[in-house]
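The values are calculated or read from the model by the stated rules, or taken from the named source; none is laboratory data. These numbers come from a predicted model, not from an experiment. Cβ placement follows ideal geometry from the backbone for every residue including glycine, while neighbour counts extend to all protein chains displayed.
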Amino acid sequence: MPPQSFTTHSTGPLIRLKGVNFTYQTAGRRVKALRDITLDVERGEFVSICGPSGCGKSTLLNVMGTLDRPETGSLSFRGQDMANATSSSLARLRALDIGFVFQSFNLIDSLSVYENIKLALLYRRRPDIDVDERVEEVMDLVGIAHRARHLPNQLSGGQQQRCAIARAIVGKPSIILADEPTGNLDSENAAQIFNILQAVHAEGCTLVIVTHSPAQADQAERIVEMLDGRIQFTRRRLS
Ligand code: ADP
């Protein structure tokens, strides 16, 4: 897989969060999910985010991926402050530059593996890419080509997650944000899916992964440990 989707002329981290706070407000109840988060993700880096359930990992990933806006504090993507970005420009940034992978796969049930992946590429509008060739390429890469015509409910969890990863990488994003990507899988499939993500990173894609698995977290170049909405500490991989 070619490394980056864009050539960039700016320097500095791919993502910069400064003093980010985020509060959910539902039915009169306020939950402060992120507290004063300051974090850089460098281009090409592999970062894991861990910590107990409810400590804010998914919220942090959503803010990094521009799905949620910081309540206070700032998010910059490739040096550009996102504070005043319109919803449509954020949607475009996500379409072109960010691949999401979720624990629950989130495939479209009525579409085959091939069609799920193809739709993601069409949505990304990349005239420079031959669509069918690229879909075949990523299906081979993640080992799902033999199930191309199957619907998601005809696949195992591991196969569905392979399809979801293929869908995330087909448009050659700069970054993959993966939220507990192996959380619903048995240990053998979890190891295979994790290996695929590592291979994607090795090809130059920035990778941020939320995980409960200390063994997985420790494979990252940098480990971010969260507690109660805060970053408790970050550390580099022991090598
Ligand atoms: P984690 O990913 O570490 O399990 P989350 O980011 O999902 O944590 O959640 C952080 C906090 O925000 C938790 O207290 C959770 O209950 C709360 N929360 C998450 N999503 C919502 C939501 N949509 N509405 C209200 N509260 C939420």
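Structure values in brief
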| read-out | value |
| --- | --- |
| Filter result (charged (D, E, K, R), in contact with a helix residue (DSSP H, G or I) (Cβ under 9 Å, 6 or more places away or on another chain) and more than 16 Å from Glu203 (Cβ to Cβ)) within segment 132-147 | Asp132, Glu136, Arg147 |
| Residues of segment 41-69 classified as surrounded by fewer than 17 Cβ atoms within 10 Å (Cβ to Cβ), under 17 Å from Leu17 (Cα atoms) and within 16 Å of the ligand (Cβ to nearest atom), total | 2 |
| Single condition Thr11 does not satisfy, out of (1) in a loop (DSSP other than H, G, I, E, B); (2) away from the ligand (no atom under 16 Å from the Cβ); (3) over 26 Å from Asp128 (Cα atoms); (4) not aromatic (Phe, Trp, Tyr) | (3) |
| Meets criteria (modelled with pLDDT of 95 or more, hydroxyl-bearing (Ser, Thr, Tyr) and surrounded by 21 or more Cβ atoms within 10 Å (Cβ to Cβ)) for Thr72 | no |
| When residues of segment 1-30 are limited to those that are modelled with pLDDT of 95 or more and of a type in the set (A, V, I, L, M, F, W, C), the one surrounded by the most Cβ atoms within 10 Å (Cβ to Cβ) | Ile15 |
| Test set (1) within 9 Å of the ligand (Cβ to nearest atom); (2) loosely packed, with under 13 Cβ neighbours inside 10 Å - Thr38 fails condition number | (1) |
| Condition check for Leu60: touching a residue at least 60 places away in the same chain (Cβ under 8 Å) and under 22 Å from His201 (Cα atoms) | yes |
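So that you can scan it fast, the table gives a plain yes or no per residue for (1) within 20 Å of the chain's Cα centre (by Cα); (2) of a type outside the set (A, V, I, L, M, F, W, C); (3) modelled with pLDDT under 95:
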| position | (1), (2), (3) |
| --- | --- |
| Glu115 | no, yes, no |
| Lys118 | yes, yes, no |
| Leu122 | yes, no, yes |
| Leu141 | yes, no, yes |
| Pro152 | no, yes, no |
